[in-house]
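Working notes for the structure below.
The values are calculated or read from the model by the stated rules, or taken from the named source; none is laboratory data. Just so you know, these numbers come straight off a predicted model, no measurement behind them. Positions of Cβ are generated from backbone atoms using ideal geometry, with glycine treated the same way; all protein chains shown enter the neighbour counts.
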Amino acid sequence: MSIANAVAPHLPYLRRFGRALTGNQESGDAYVVAVLEAFIADPTTFDRSLPARVALYRAFLKLWDSIAVNRATESASAGAESLDDHRLDAITPKPRQAFLLMALEGLSITETAQVLDVPVSEAKTLIDQAGAEIAEQIAADILIIEDEPLIAMDLETLFKDLGHRLHGIARTHAEAIKAVANHRPGLVLADIQLADGSSGLEAVNEILSSMTVPVIFITAYPERLLTGLKPEPAFLITKPFQPETVKAVISQALFFDTHAKRSGQAAA
């Protein structure tokens, strides 16, 4: 297969990634064009030993990193178009790349490591660093709705490692509603099936009827969310989960949700 045919399906996503990384549509597209021109000038710059999308993103970042100013930690760029762009600029370059590859582009930790050309252990460290830097900007109180104490403790450890705070742990529908009665959380981590047979999904529905808050469902039963009914599972993690996946999704949910950002800033 030609390079053109191999990369064509992935170019819209690379443009999205380039725009997010640079904070500017025109600049992001210019880097994409430069990568394609590099493939034409020297086809060996496209690593055929890797999946096409991984090879494409790796070539993009090699070009990006070859320019010294892109490797420097900068304040918000003049071309940044939104609050999210400014916040992305505040994250150290390599962790920012890792965060966007996982949170925005949906790559696995292994694929992210391949794109960045680093060991998986280093990619995990970069994700942790990105999450910690995001938490410095928008630290949140997180409510855990989970009936398994060990899983709840693991989740608490993960988000505290990133600098977030525990709002509370609820094991039942009733406890979840009580937990938000007097104080709104900045994020909810919810299981589906709870200790007394009640539903975490129903608890989340009731919470969302009175407030807007980002929700991450963490469940061994993902099919129970595929009903077409609200709340739509914008963030869904299947048990058993990988810690780096949970950290990346927590950071993504808080970073890109407008209401969560405002809540985190008010609590700071």
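Only residues that are over 21 Å from Met102 (Cβ atoms) and either touching a His at 6+ places or on another chain (Cβ under 8 Å) or not in a helix (DSSP H, G or I) (or both): list them for segment 9-40, please.
From segment 9-40, those over 21 Å from Met102 (Cβ atoms) are 24-27, 29-30, 33-34, 36-40; that's our starting set.
Selection gives Asn24 alone.
Scanning segment 124-146 for residues that are under 20 Å from Ile218 (Cβ atoms) and not in a helix (DSSP H, G or I), which turns out modelled with the lowest pLDDT?
So, considering only residues that are under 20 Å from Ile218 (Cβ atoms) and not in a helix (DSSP H, G or I), the one modelled with the lowest pLDDT is Ala140.
I'm checking my understanding of the structure. Among residues of segment 41-69 that are part of a helix (DSSP H, G or I) and loosely packed, with under 11 Cβ neighbours inside 10 Å, which one is modelled with the lowest pLDDT?
Start the filter on segment 41-69 by keeping residues that are part of a helix (DSSP H, G or I), which leaves 41, 43-45, 52-65, 68-69.
Filter once more, so that each one left must be loosely packed, with under 11 Cβ neighbours inside 10 Å: 41, 44, 68-69.
Working: Ala41: 95, Thr44: 92, Ala68: 65, Val69: 61.
Restricting to residues being part of a helix (DSSP H, G or I) and loosely packed, with under 11 Cβ neighbours inside 10 Å, the top hit is Val69.
Looking only at segment 191-203, how many residues end up being under 23 Å from the mean Cα position of the chain (by Cα) and buried (at least 24 other Cβ atoms within 10 Å of the Cβ)?
3
Hey, can you tell me all the residues within segment 81-112 that are surrounded by 22 or more Cβ atoms within 10 Å (Cβ to Cβ), among the small types (Gly, Ala, Ser) and at pLDDT 90 or above?
Ala98
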